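First up is the structure itself, then whatever we jot down about it.
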Amino acid sequence: MAGRNQGCWDRWYQTAQKRLPVLRWLPRYSLQWLQLDIIAGVTVGLTVVPQALAYAEVAGLPLQYGLYSSFMGCFIYCLLGTSKDVTLGPTAIMSLLVSSYAFHDPAYAILLSFLSGCIQLVMGLLHLGFLLDFISYPVIKGFTSAAAVTIGFNQVKALLGLQNIPRQFFLQVYYTFSRIGETRAGDAVLGLICLVVLTGLQQMKNRIPRVHRMERLSVRISQVIVWATATARNALVVLFAGLVAYSFQVTGSQPFTLTGPIPQGLPPFRPPPFSKVTPNETVHFGEMVQVRIGFLFV
């Protein structure tokens with residue numbers, strides 16, 4: 001009887017491990033990894049805040065929605081994820097696609113996220129991942145390259161501090177160059193300094209020699225400090241830029257363009273909107289998805 005119960009427990013635990021991968025890696029977690037995980041967590045945590053704000057800007061949504069989407073996926077994937085190297089949260093290409101569908105309306109973006117998750121769930125249950133093999137590599141390469149150019153140039157206006165630039169790419173290029181004389185010196189200088197510091201720290205990390213146990217303690221400590229600084233370069237640059245902007249804010253002069261106040265807390269938990277009420281009409285579910293239904297599959 002005891003053997004039968006033990007066998008049932010083993011089968012149940014194996015099934016739970018398949019559904020909750022955290023049960024596989026957490027018992028084998030080593031405290032030796034804790035230092036690197038703390039550095040990675042702090043670096044990513046400090047970097048994801050301005051990154052999420054930028055992605056919300058690319059998607060044409062209120063900035064707080066970038067913050068919402070940046071951490072919810074990570075909390076869930078911690079329990080259900082099967083790969084430690086995958087990137088969770090919004091991406092630049094994803095934000096660009098959402099901007100074409102959402103019409104600057106969070107309701108459309110929320111509905112798009114819900115329906116996309118449903119499609120991914122169905123495809124996962126039916127093991128339809130092989131369909132990606134039918135998408136040719138040149139198509140993916142061309143799409144990502146064009147998206148990189150579009151998103152990269154979209155940041156130029158923010159780097160120069162230009163306001164009210166159209167979102168369409170060709171109009172964006174035209175108005176950016178035609179209004180380049182309106183560049184805000186503070187934004188441009190701070191942005192260029194951050195780019196130079198990030199590039200320099202990245203090159204520094206690539207040239208750090210390996211630490212040997214036979215070297216003096218002071219040499220080893222200095223190498224560790226340089227390595228940690230170069231590894232956490234994104235977080236350090238974010239802190240530096242934030243402190244500079246805050247120092248000017250305290251003194252009463254602000255040469256930089258700030259995002260402004262962002263609503264605190266989380267939105268109320270409720271089902272996604274399957275219809276939208278406007279002052280003139282009610283947009284039903286079918287009308288919300290029929291125009292841009294292709295984006296669900298992308």
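The values are calculated or read from the model by the stated rules, or taken from the named source; none is laboratory data. The model shown is predicted, which means the values in this text are computed figures rather than measured ones. Backbone-built Cβ (ideal geometry, glycine too); neighbour counts: all protein chains shown. Ligands, DNA and RNA are stripped out before the accessible areas are found, and what is left, the full protein with its side chains, is counted by its heavy atoms. Shrake-Rupley method; radii C 1.70, N 1.55, O 1.52, S 1.80 Å.
Some notes on this structure:
Listed here are the residues, each with its yes/no results for (1) more than 27 Å from Arg167 (Cα to Cα); (2) without any contact (Cβ under 8 Å) to a residue 12 or more places away in the chain; (3) hydrophobic (A, V, I, L, M, F, W, C).
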| residue | (1), (2), (3) |
| --- | --- |
| Leu31 | yes, yes, yes |
| Ile38 | yes, yes, yes |
| Thr43 | yes, no, no |
| Thr47 | no, no, no |
| Leu61 | no, no, yes |
| Ser99 | no, no, no |
| Ala107 | no, no, yes |
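- Within the range 119-129, being assigned to a helix (DSSP H, G or I) and loosely packed, with under 10 Cβ neighbours inside 10 Å holds for Leu125, Gly129.
- Some residue of the range 83-91 being open to solvent by less than 80 Å² (accessible area, probe 1.4 Å) and over 17 Å from Ala54 (Cα atoms): yes
- For Phe153, the test of being touching a residue at least 12 places away in the same chain (Cβ under 8 Å), open to solvent by 80 Å² or more (accessible area, probe 1.4 Å) and in a helix (DSSP H, G or I) is failed.
- Residue list for the range 180-221, filter: within 15 Å of Lys157 (Cβ to Cβ), open to solvent by less than 70 Å² (accessible area, probe 1.4 Å) and either among the charged types (D, E, K, R) or outside any helix (DSSP H, G or I) (or both): Thr183, Asp187
- Odd one out for Thr176, checked against (1) closer than 30 Å to Phe285 by Cα; (2) at pLDDT 85 or above: (1)
- Scanning the range 234-276 for residues that are free of Cβ contacts under 8 Å to residues at least 24 places away in the same chain, of a type in the set (Ser, Thr, Tyr) and part of a loop (DSSP other than H, G, I, E, B) gives Ser253, Ser275.
- Some residue of the range 101-118 being farther than 23 Å from Arg270 by Cα, assigned to a helix (DSSP H, G or I) and open to solvent by 30 Å² or more (accessible area, probe 1.4 Å): no
- Taking the range 25-56 as the range and being open to solvent by less than 90 Å² (accessible area, probe 1.4 Å), more than 30 Å from Gln155 (Cα to Cα), of a type outside the set (A, V, I, L, M, F, W, C) and not in a loop (DSSP other than H, G, I, E, B) as the test, only Asp37 passes.
- Filtered residue count, the range 156-179, keeping only those that are open to solvent by less than 60 Å² (accessible area, probe 1.4 Å) and either assigned to a helix (DSSP H, G or I) or closer than 20 Å to Phe256 by Cα (or both): 11
- Qualifying residue in the range 171-181 (condition: among the small types (Gly, Ala, Ser) and more than 21 Å from Val238 (Cα to Cα)): yes
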